[in-house]
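Asker: Structure provided below as structure tokens; questions to follow.
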Amino acid sequence: MVLNTKYQRENWIDENAGASDMTSQVKAWTSLWHTKVPSKQKFFAWRLAQHSVPTADVLHHRNMSQSPLCALCGAPDSWRHALLDCTMSRCI
Ligand SMILES: [Zn+2]
């Protein structure tokens, strides 16, 4: 669902999205909110899709950090880096 939302956002940015995409997006979010998982996980998925997880690149973009690099390994930070690609997160 997160990837689907990402693709829909990219299509919307490219001005290729129509009203049916918005309807499907609303249905997707509605299904997420009705999923029987802890609310912390729903909220995290929503924040991830909204690009509001406070990774270094987001904080730097909002002038809340001096560097967009990962504090642990020094690579360019992003949600993908923080969750999947960082050598330190891979240890966990
Ligand atoms: Zn890292």
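The values are calculated or read from the model by the stated rules, or taken from the named source; none is laboratory data. As the structure is a prediction and not an experimental result, all values here were calculated from the model. All Cβ positions, even for glycine, are placed from backbone atoms using ideal geometry, and neighbour counts span all protein chains on display. With ligands, DNA and RNA removed, areas are computed over all heavy atoms of the protein, side chains included. Shrake-Rupley method; radii C 1.70, N 1.55, O 1.52, S 1.80 Å.
Asker: In region 59-92, how many residues are within 15 Å of residue 6 (Cβ to Cβ) and surrounded by 15 or more Cβ atoms within 10 Å (Cβ to Cβ)?
Answerer: The number of residues fulfilling the criteria is 2.
Asker: A follow-up question, please. So for region 34-56 (the condition being β-branched (Val, Ile, Thr) and open to solvent by 100 Å² or more (accessible area, probe 1.4 Å)), does at least one residue qualify?
Answerer: Checked region 34-56: no residue is β-branched (Val, Ile, Thr) and open to solvent by 100 Å² or more (accessible area, probe 1.4 Å).
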